[in-house]
Amino acid sequence: MKRTYLIKPVLHDEYPFITHGKGIYLYDDQGKQYIDGSSGAVTASIGHGVQEVINAMAEQSKKVSFVYRSQFTTEVAEQLAKKMSDISPGDLNWSFFVNSGSEATETAMKIAIQYWQEQGRNTKNKIISRWMSYHGITMGALSMSGHIQRRERFEPMLENYPSVSAPYYYRDANGRTIEECDDDYAEELEKEIWRVGKEHIAAFIAEPLVGAAGGALTPSDQYFRKMKAVCDEYDILFIADEVMTGIGRTGKMFGMEHFGITADIMATGKGMGAGYTPIAAAVVSEKVMEPILNGSKSIMSGHTFSANPQSAATALAVLQYMEKYNVVENSARMGAYLKKRITELAQTSEIIGDVRGKGLFVGIEFVEDKLTKKSFSRECDLVNRIVRANFEEGLLVYPANAGVDGITGDAIILSPPLTIRKEEVEELVTRFAAALRKVERELL
Ligand code: PLP
């Protein structure tokens with residue numbers, strides 16, 4: 001085995017070396033081809049090797065790659081901020097650029113706290129979040145996250161923010177209607193606000209569809225309206241974590257657009273740079289910026305690389321590419337097709353319990369018994385089996401957890417580049433079906 005010095009996760013004993021990528025495909029140094037069925041970590045949204053983006057990167061680096069945000073602004077960073085304002089819903093007009101989704105959600109948290117401080121309401125500094133959520137890996141973002149495995153080791157240092165349920169109708173309904181479930185979720189939020197005290201709560205944070213900690217858990221059309229109404233009633237800001245669902249992933253530019261509500265602050269990342277550069281953003285509404293601009297005048301946060309022109313030019317090129325080629329529409333169309341094909345496959349599969357999601361964000365939950373919805377035992381290590389079997393078939397899928405305890409539910413997400421074509425979806429489904437049959441043969 002070749003000695004390497006890069007600290008890596010533990011999926012493989014030996015990691016393949018990727019040499020290049022084109023469109024939905026990646027190629028390793030042994031000549032093996034992979035379909036990037038997960039866009040990496042739901043990131044490479046326009047596929048690999050897009051020439052327009054590469055050209056924009058080269059052009060910007062010839063001008064200037066870096067200036068410090070405390071000293072200068074640049075035309076390209078301003079253009080990106082304007083573009084974010086144009087594509088964001090409602091009055092989400094102001095952008096604060098950072099380098100990762102964790103920084104985006106943590107910045108959103110800080111902005112929410114500052115918003116209340118500017119109005120003399122200094123006790124409003126807690127965040128309510130949901131079990132079955134992932135908002136990032138840094139301590140503040142992890143404090144808001146209900147991802148048990150990622151919290152465990154650092155629990156003593158974390159705030160205990162996660163406290164209410166996410167909508168998990170597949171297991172929660174138990175004979176109740178979706179409407180009844182939604183009423184219960186909203187009531188749970190209200191009770192939690194009373195328990196903590198509304199004078200202590202700055203914001204409620206939620207992913208439109210839960211990603212890593214849920215496997216594309218998809219709320220009803222009404223769920224977020226009910227949750228937002230509770231937030232409004234108790235003077236609590238609403239933060240939408242669109243790091244995974246934003247920038248076209250769910251078939252609309254932002255996930256919350258499916259549910260008819262606009263957040264006060266939005267975090268976005270991943271698909272914004274589409275893997276061509278690390279960039280993310282906290283996007284802030286006029287409502288939230290107003291007391292800040294009239295008070296301290298700016299946001300108390302920042303990173304060395306915030307708004308650097310190199311990343312700004314890259315993200316701008318990604319967004320322009322998406323507009324030019326109607327990539328969001330393709331996500332909706334191809335997503336519906338992929339979900340239909342996986343739903344058909346589920347009918348003949350012994351272990352697919354639930355298929356969910358929107359656009360090219362398709363979640364699949366696996367169970368040992370489809371009738372009782374009993375999950376596989378831990379020893380079975382089902383998600384890793386599925387990931388590995390797909391890897392062997394040359395298909396990348398994104399692993400997720402789906403249990404309320406963060407460990408019992410086995411789910412994956414299919415989230416290929418939003419530029420995928422119908423025949424490529426078919427190829428993806430063929431490889432997925434082969435991997436699924438292989439795992440089923442091993443288990444049953
Ligand atoms: N928020 C959500 C919803 C995510 O899915 C992720 C990453 O998976 C993050 C935040 C953290 O983003 P990053 O890994 O870029 O820090």
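All of the numbers you see were taken from the coordinates with simple rules; none came from a lab. What you see is a predicted model; the values in this text were computed from it and never measured. Positions of Cβ are generated from backbone atoms using ideal geometry, with glycine treated the same way; all protein chains shown enter the neighbour counts.
Along Cα→Cβ, 7 Å out, is where each label goes; now give me the distance between the ones at Thr304 and Lys22 in nm to one decimal.
If labels sit at Thr304 and Lys22, their model points lie 3.7 nm apart.
Quickly rank 223-230, 191-198 as a protection proxy: mean count of other C-beta atoms within 10 Å, highest first.
The most tightly packed comes first, giving 223-230, 191-198.
So what is the relative contact order for the chain, in percent, with contacts set as C-alpha pairs under 8 Å and at least six apart?
Once normalised by length, the contact order is 22 percent.
At Thr73 and Gln30, where each label point lies 7 Å from the Cα along Cα→Cβ, what is the point-to-point distance in nanometres?
Rounded to a tenth, the inter-label distance reads 5.2 nm.
Between Thr177 and Tyr337, what is the label-to-label distance in nm when each label sits 7 Å out along the Cα-to-Cβ direction?
Going from the Thr177 label point to the Tyr337 one covers 3.6 nm.
Can you give the Rg and Dmax of region 245-330 based on its C-alpha atoms, in angstrom?
Answer for region 245-330, Rg first and Dmax second: 14.6, 43 Å.
Determine the shape class of region 214-368: with a ≥ b ≥ c the square roots of the Cα gyration tensor eigenvalues, call it rounded for a/c under 1.5, and otherwise prolate if a/b is greater than b/c, oblate otherwise.
The shape class here is oblate.
Cα atoms only, region 1-119: Rg and Dmax in Å?
According to the Cα coordinates of region 1-119, Rg and Dmax are 19.5, 60 Å.
Please give the direction-averaged projected area of the C-alpha convex hull for the chain, in square nanometres with one decimal.
21.6 nm²
Using modelled backbone amide H atoms (1.01 Å from N, in-plane), which distant-in-sequence or interchain residues come within less than 5 Å of Ile279's amide H?
Those qualifying (amide H under 5 Å, at least 5 residues apart or on another chain) are Gly273.
Can you tell me how region 349-391 classifies by the Cα gyration tensor, rounded, prolate or oblate, using a/c under 1.5 as the rounded cut?
Judged from the Cα gyration tensor, region 349-391 comes out oblate (a/c at least 1.5, b/c at or above a/b).
Set the Förster distance to 51 Å, then compute FRET efficiency between Glu155 and Ala434 from the Cβ-Cβ distance, nearest 0.05.
Once rounded, the FRET efficiency stands at 0.80.
How large is the Rg to Rh ratio of region 47-178 when both quantities use alpha carbon positions and Rh follows Kirkwood?
Ratio of gyration radius to Kirkwood radius: 1.07.
Based on DSSP H runs of at least 4 residues, each adding -39500 (n - 2.57), what is the mean residue ellipticity at 222 nm of the chain after dividing by all its residues, to the nearest 500 deg cm²/dmol?
Estimated from H runs of four or more residues: -12000 deg cm²/dmol.
Classify region 203-271 as rounded, prolate or oblate, taking a ≥ b ≥ c as the square roots of the eigenvalues of its Cα gyration tensor: rounded when a/c is under 1.5, otherwise prolate if a/b is larger than b/c and oblate if not.
prolate
For region 155-301, what relative contact order do you get, as a whole percent, if you take Cα pairs closer than 8 Å and at least 6 residues apart?
17 percent
Roughly what % of DSSP beta bridges within the chain run antiparallel, to the nearest 5?
70 percent
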